[in-house]
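Bear in mind that the values in this text are calculations on the coordinates, not laboratory data. Given the structure is predicted, the values throughout are model-derived calculations rather than measurements. Ideal geometry is used to build each Cβ from the backbone, glycine not excepted, and the neighbour counts take in all protein chains shown.
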Amino acid sequence: MILSKSIDFLLENAGDVIKYRLHKEILKDLNKVEEENLLEKVFQTPYYKLVESYVKPNGYIGSGMHSWSNWRGMVLHETPLQDGEAAARLLSNYAIPKNKQIIINFIAALRNDEILKEEFSYISPEIARFRDRYLGINSGYSISLLNYTCQALLGYGDDDEVRAFTETSYNAFESVLHISALSDITKTRANSGKKYNYPYIEQDMYFPCQYHLETLAHTTTWRNDKHIETIANAINHLCEIMEDDNLLHVKIGNKYYAPCWAYVRPFKVFTNEVATEVALRKTLTHLAMVGGDKIDVVCQSADVVKTALEKDGVLRVKFDTPYHKKCFKQNMSIPSPYSEISLETSHKSDIQIWCDLTFWAVQFLHILNRGL
């Protein structure tokens, strides 16, 4: 079996986070004491300790969410993990249990408008973002969209507080089935120069983005056979009708914003060549979580992964130049919305890179084998 070689490689070479998730999610061979012992090792990793140091008395972690790291010469984030969204993503990536106090308190803060108002008042742009926090939630632009997705990533997406956004996320994908091209729903700015003459949609228009997909991937209340079939059909249709050079903005009031990675281009098949696609592996994982083998690009990617693992069970990527390798490693260094998921705390050696890639391959194929 291909995965047995991959698992043996990870058990021998991977760091504590991968071993914890491998035993807990894939092998499912831990008793309560063993799980707590492995989790304690995760708590001692440098990035987790850094996130822990950013916890505030009110439960919020860091400063802002998908926010500025610098503002008019003032350093707002000492490290990227001081951003609230990045902190939530790391906790999710590390599979920190939802009943741990750091997550319980963070969720409480994310659901408290007074705390959020305080947290988004430290610079003037954040005050405006919080005031308009619900505008654009259907189309991929709002603080609330980030907030609800973070709650889903942390294991609380099926609660009543998030359920309406889960329905929004479903509707965003379902809406794609009613168009034959992006131009069916876009408008073009009138009386503007070439630089600003880009297509846009109104703020209430449904259109899927990364945050909608992540929310669906980490929730269950929307799932039934019909809905899963609809989502899979929508994703396959999206890949058929979207163009690689599509662009999109969202009109919020009288301003135009780039949405949070709206899916205006077709999803790509995994390749073990150097790829420039944003968060390719992470996206494929989430696609597998919502539609499994009903999604064409997922099945095609699974075939590539299986072939790549045939020799020794280790997934590797070919680097054309040292610069490509540097960019690849940087893309896995900190959990951002547009980075790959990384569970190794360092990538100084190729083995550490292969561990992250191989765990992804094992997880991806495990999900397709109905391991969700």
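A helix-only calculation puts the chain at -14500 deg cm²/dmol for mean residue ellipticity at 222 nm, using -39500 (n - 2.57) for each DSSP H run of at least four residues, averaged over all residues.
Annotation: the residues M65, M74, sorted from fewest to most other C-beta atoms within 10 Å of their own C-beta, follow the order M74, M65.
The distance linking the stretch 300-372 with the stretch 12-73 is 19 Å (Cα centroid to Cα centroid, whole angstrom).
Across the stretch 221-302, C-alpha contacts under 8 Å between residues 6 or more apart give a mean separation that, scaled by the residue count, equals a relative contact order of 34 percent.
Oblate is the label for the stretch 245-372, because a/c, from the alpha-carbon gyration tensor with a ≥ b ≥ c as root eigenvalues, is 1.5 or above and a/b does not exceed b/c. Shown for S169, S69: other C-beta atoms within 10 Å of each C-beta, ranked fewest to most, produce the order S69, S169. 3J(HN,Hα) couplings calculated from phi for the stretch 210-227 with the Karplus curve 6.51 cos²θ - 1.76 cosθ + 1.60 (θ = phi - 60°) are, in sequence order, 4, 5, 4, 5, 4, 5, 5, 5, 10, 10, 10, 4, 7, 7, 8, 4, 5, 5 Hz; Gly and Pro show x. Once a ≥ b ≥ c are taken as the square roots of the eigenvalues of the Cα gyration tensor of the stretch 39-130, is the result rounded (a/c under 1.5), prolate (a/b larger than b/c) or oblate (a/b not larger than b/c)? Verdict is oblate for the stretch 39-130. Here the scattering of the stretch 169-266 is modelled by Debye summation over its C-alpha atoms, one equal scatterer each and no solvent; at q = 0.10, 0.13, 0.16 Å⁻¹ the log10 of I(q)/I(0) is -0.29, -0.47, -0.69.
Coupling constants for the stretch 285-290 follow from the phi torsions by the Karplus curve (6.51 cos²θ - 1.76 cosθ + 1.60, θ = phi - 60°), and in residue order they are 4, 5, 4, 5, 5, 9 Hz; glycine and proline get x. Summary value for the stretch 204-349: 24 percent relative contact order, contacts being C-alpha pairs under 8 angstrom separated by 6+ residues.
As a length-normalised measure over Cα pairs under 8 Å and 6 or more apart, the relative contact order of the chain settles at 19 percent. Ranked by how many other Cβ atoms sit within 10 Å of their own Cβ, fewest first, the residues Y257, Y94, Y338 fall in the order Y338, Y257, Y94.
Using a/c under 1.5 as the rounded threshold, could you call the stretch 270-340 rounded, prolate or oblate? The axes a ≥ b ≥ c are square roots of the C-alpha gyration tensor eigenvalues, and prolate needs a/b larger than b/c, oblate otherwise. Numbers along the way, then the final one.
Details: a/c = 2.33, a/b = 1.26, b/c = 1.84.
Because a/c hits 1.5 or more and a/b fails to exceed b/c, the stretch 270-340 counts as oblate.
Only Cα pairs within less than 10 Å get springs; with that Gaussian network setup on the chain, which residue of S67, S349, S183 has the largest fluctuation? Sorting by GNM fluctuation, first place goes to S349.
For the stretch 1-136, the number of Lys pairs separated by eight or more positions or lying on different chains, with C-alpha atoms closer than 16 Å, is 15.
Annotation: amide H-H contacts under 5 Å for T221 (H modelled 1.01 Å from N, sequence separation of 5 or more, or interchain): none. For the chain, the spread of Cα coordinates along the three principal axes comes to 61, 49, 45 Å, biggest extent given first. Treating r as the C-beta distance of E40 and H178 and R0 as 51 Å, the FRET efficiency rounds to 0.50.
Here the Karplus relation 6.51 cos²θ - 1.76 cosθ + 1.60, evaluated at θ = phi - 60°, turns the backbone of the stretch 321-330 into coupling constants of 9, x, 5, 4, 5, 4, 5, 4, 5, 5 Hz, with x for every Gly and Pro.
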